[in-house]
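What follows is a set of notes on a single structure, which appears directly below.
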Amino acid sequence: MTANVRSVVTGVGGCLPPGVVTNDDLAAFVDTNDAWIVERTGIHSRRRAAEDQATSDLAVEAARKALAQAGRSADDVDMILVATTTPDLTFPATAAIVQRKLGAPVGIAFDVQAVCSGFVYALAVADNFVVRGLARCALVIGAETMTRLMDWTDRGTCVLFGDGAGAVVLEPRAGEGTTADRGILGFALRADGAKQDLLYVDGGPSTTGTVGKLRMQGNQVFRHAVVNISEAVLAAAETAGVTMAQVDWFIPHQANQRILEGVAKRLGIDGTRVISTVAEHANTSAASIPLALATGIEDGRIRPGQLLLLEAMGGGLTWGAVVLRL
Ligand code: UT7
């Protein structure tokens, strides 16, 4: 290993369950309408996992695609991180279930729980293993079945979320120690537990003994997102040594089109450099960034060598950003 080892994304894959739920479908049983949802969020539809589809099933499909793109097989995988807030079971970790389903050998496997920021957190965790030589082929997956946490009588939340998964393969590559290197160049992670009440699930094994439902003070989370994400983004960019003008693609967490645009505007990033999938994916929590990345690569917009800026904010509150060159 040289001093300038970087964690490089060598493969990306996404998985969307086939079940499409439109705004009109929701308006059939909750007091909402297509016009309100589109105007306030930009969401037109979302995916819903089938009853027999668990978070790990979505994760495995995304992981297989990412491994294929990287030219790797499950046998090569020595670390699996699953960022999820909707695990299959209270334990074992969904990452260990994914390891079994993939048939990957004994290695490192654990979940990262930072809600919608989970993928950003997991990338930063995996980066530290990869650059230290502790993992040579890491799968970092964001996978969620958020529809399982919905209170379907609460129009303020149930229209916002969807199911899906996205995965990346991270491998060590020697770099020059410059911003031209491929790989993760910088990140910034933040949490403020004092703001727990703004967004949480009202159940858990050590309190209610139930799974619980998602609760959110949407407009307060909205305000926090637009104001505070920019600070973390600029901190990540400073660590990486890049400016916003150099960013080829801004790939934000897909919570709300108005948040995406608000953050991009604050950062001086014009809309032509923003990947938005919120219209058809809605908010898939930790899956939203890798799914948006997979979408942008599949449609040919995002290309190897480009500088990517990822950011997210979610329950905790947690938030953070990663700068990487593909
Ligand atoms: O990924 C984790 C982070 N989560 C987020 O980033 C979500 C952040 N928040 C948001 O995206 C927005 O705050 C929402 C989309 C949740 C809400 O938009 P808003 O512009 O902040 O609306 P609001 O909550 O202030 O509500 C405005 C009105 C209220 O009616 P009144 O009190 O003015 O009569 C709500 O009851 O809109 C009403 N409303 C709805 N109406 C129709 C709330 N939800 C709906 C709905 N359909 N689904």
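Mind listing whichever residues of region 190-242 are touching a Phe, Trp or Tyr at 6+ places or on another chain (Cβ under 7 Å) and either without any contact (Cβ under 8 Å) to a residue 24 or more places away in the chain or within 16 Å of the ligand (Cβ to nearest atom) (or both)?
Scanning region 190-242 gives ARG190, ARG215, ASN228, ILE229, ALA232.
If we scan region 39-56, do we find a residue that is on the phi > 0 side of the Ramachandran plot and surrounded by fewer than 17 Cβ atoms within 10 Å (Cβ to Cβ)?
Residues of region 39-56 on the phi > 0 side of the Ramachandran plot: 42.
Then drop every residue that is not surrounded by fewer than 17 Cβ atoms within 10 Å (Cβ to Cβ), which leaves none.
Scanning region 39-56 turns up no residue that is on the phi > 0 side of the Ramachandran plot and surrounded by fewer than 17 Cβ atoms within 10 Å (Cβ to Cβ).
I need the full set of residues from region 243-264 which are part of a helix (DSSP H, G or I) and away from the ligand (no atom under 16 Å from the Cβ), in order please.
Taking region 243-264 as the starting set, the residues that turn out to be part of a helix (DSSP H, G or I) are 244-246, 257-264.
Across region 243-264, the qualifying residues are MET244, ALA245, GLN246.
Those residues that are within 23 Å of PRO92 (Cβ to Cβ) and not in a loop (DSSP other than H, G, I, E, B), I need them from region 45-73; list them, please.
THR55, SER56, ASP57, LEU58, ALA59, VAL60, GLU61, ALA62, ALA63, ARG64, ALA66, LEU67 - these are the residues of region 45-73 that are within 23 Å of PRO92 (Cβ to Cβ) and not in a loop (DSSP other than H, G, I, E, B).
When region 165-197 is examined, which residues are found to be open to solvent by 60 Å² or more (accessible area, probe 1.4 Å) and of a type outside the set (Asp, Glu)?
Hits for region 165-197 are ARG173, ALA174, THR178, ALA180, ARG182, PHE187, ARG190, ALA191, ALA194, LYS195, GLN196.
Hey, among ARG47, ARG64, which residue is in contact with a helix residue (DSSP H, G or I) (Cβ under 9 Å, 6 or more places away or on another chain) and closer than 23 Å to PRO304 by Cα? Step through it out loud before you land on a result.
Numbers: ARG47 fails: closer than 23 Å to PRO304 by Cα.
Matching residue, one of ARG47, ARG64: ARG64.
Kindly evaluate ARG258 against the criterion of being more than 27 Å from LYS195 (Cβ to Cβ) and open to solvent by 10 Å² or more (accessible area, probe 1.4 Å).
On the way: more than 27 Å from LYS195 (Cβ to Cβ): no; open to solvent by 10 Å² or more (accessible area, probe 1.4 Å): yes.
No; evaluated as a whole, the condition is false for this residue.
Could you list, in sequence order, all residues of region 68-80 that are among the aliphatic types (A, V, I, L, M) and either without any contact (Cβ under 8 Å) to a residue 40 or more places away in the chain or closer than 10 Å to VAL168 by Cβ (or both)? Outline the logic, then answer.
Step one: of region 68-80, the residues among the aliphatic types (A, V, I, L, M) are 68, 70, 74, 77, 79-80.
Within region 68-80, ALA70, ALA74 meet the criteria.
If you take the residues of region 104-118 that are open to solvent by 50 Å² or more (accessible area, probe 1.4 Å) and assigned to a strand (DSSP E or B), which of them is nearest to the ligand (Cβ to nearest atom)?
The selected residue is PHE110.
Kindly indicate whether any position in region 138-150 is in a helix (DSSP H, G or I), of a type in the set (A, V, I, L, M) and within 16 Å of the ligand (Cβ to nearest atom).
Going through region 138-150, the residues in a helix (DSSP H, G or I) turn out to be 146-149.
Remaining after also requiring of a type in the set (A, V, I, L, M): 146, 149.
Still in the list and also within 16 Å of the ligand (Cβ to nearest atom): 146, 149.
The answer is yes; a qualifying residue exists.
With respect to PHE129, determine if the residue is touching a residue at least 24 places away in the same chain (Cβ under 8 Å) and in contact with a helix residue (DSSP H, G or I) (Cβ under 8 Å, 6 or more places away or on another chain).
Working: touching a residue at least 24 places away in the same chain (Cβ under 8 Å): yes; in contact with a helix residue (DSSP H, G or I) (Cβ under 8 Å, 6 or more places away or on another chain): no.
When the stated conditions are applied, PHE129 does not pass them.
Give all pairs with beta carbons closer than 6 Å in which a residue from region 4-29 that is more than 14 Å from GLY162 (Cα to Cα) meets a residue that is within 13 Å of the ligand (Cβ to nearest atom) and open to solvent by 30 Å² or more (accessible area, probe 1.4 Å); count only pairs at least 6 apart in sequence or on separate chains.
Sorted first by the residue in region 4-29, then by its partner, the pairs are ASP24/ASP34; ALA27/ASN33.
What's the total number of residues in region 63-86 that are in contact with a Pro (Cβ under 7 Å, 6 or more places away or on another chain) and open to solvent by less than 10 Å² (accessible area, probe 1.4 Å)? Break it down into steps so the answer makes sense when it comes.
Within region 63-86, the first condition is being in contact with a Pro (Cβ under 7 Å, 6 or more places away or on another chain), and the residues that meet it are 75.
Those left that are additionally open to solvent by less than 10 Å² (accessible area, probe 1.4 Å): none.
Count: 0.
Could you check, for region 119-137, whether at least one of its residues is within 16 Å of the ligand (Cβ to nearest atom), outside the structural domain of ALA236 (by TED's automatic domain parsing) and open to solvent by 10 Å² or more (accessible area, probe 1.4 Å)?
Yes: region 119-137 contains one or more residues that are within 16 Å of the ligand (Cβ to nearest atom), outside the structural domain of ALA236 (by TED's automatic domain parsing) and open to solvent by 10 Å² or more (accessible area, probe 1.4 Å).
If I ask for residues that are of a type outside the set (A, V, I, L, M, F, W, C), in a strand (DSSP E or B) and within 16 Å of the ligand (Cβ to nearest atom), which ones from region 299-326 would you list? Write out each step before concluding.
Kept after step one, since they are of a type outside the set (A, V, I, L, M, F, W, C), are these residues of region 299-326: 299-301, 303-306, 311, 314-316, 318, 320, 325.
Remaining after also requiring in a strand (DSSP E or B): 311, 314, 318, 320, 325.
The answer is GLU311, GLY314, THR318, GLY320.
Of the residues that sit in region 138-164 and are of a type in the set (D, E, K, R) and surrounded by 24 or more Cβ atoms within 10 Å (Cβ to Cβ), which one is nearest to ALA63 (Cα to Cα)? I'd like the intermediate steps shown before the answer.
Filtering region 138-164 for residues of a type in the set (D, E, K, R) gives 144, 148, 151, 154-155, 163.
Retained after the next criterion (residues that are surrounded by 24 or more Cβ atoms within 10 Å (Cβ to Cβ)): 144, 163.
On the way: GLU144: 14, ASP163: 16 Å.
The selected residue is GLU144.
Within region 275-298, take every residue that is more than 16 Å from the ligand (Cβ to nearest atom) and either assigned by TED's automatic domain parsing to the domain that holds GLY11 or open to solvent by 20 Å² or more (accessible area, probe 1.4 Å) (or both) and give me the one that is farthest from ALA167 (Cα to Cα).
Ranking the qualifying residues of region 275-298, first place goes to GLU280.
Output the residue which, of all residues in region 221-235 that are more than 17 Å from the chain's Cα centre (by Cα) and of a type in the set (A, V, I, L, M), is surrounded by the most Cβ atoms within 10 Å (Cβ to Cβ). Give the steps one after another, and end with the answer.
As a first pass, look at region 221-235 and keep what is more than 17 Å from the chain's Cα centre (by Cα): 221-224, 226-228, 230-231, 234-235.
Next, only the ones that are of a type in the set (A, V, I, L, M) stay: 221, 226-227, 234-235.
Working: VAL221: 21, VAL226: 19, VAL227: 12, LEU234: 16, ALA235: 17.
Per the stated criteria, the residue is VAL221.
The values are calculated or read from the model by the stated rules, or taken from the named source; none is laboratory data. Worth saying up front: this structure is predicted, and the values here are computed from it rather than measured. Neighbour counts run over all protein chains shown; Cβ positions are idealised from the backbone, glycine included. Ligands, DNA and RNA are stripped out before the accessible areas are found, and what is left, the full protein with its side chains, is counted by its heavy atoms. Shrake-Rupley method; radii C 1.70, N 1.55, O 1.52, S 1.80 Å.
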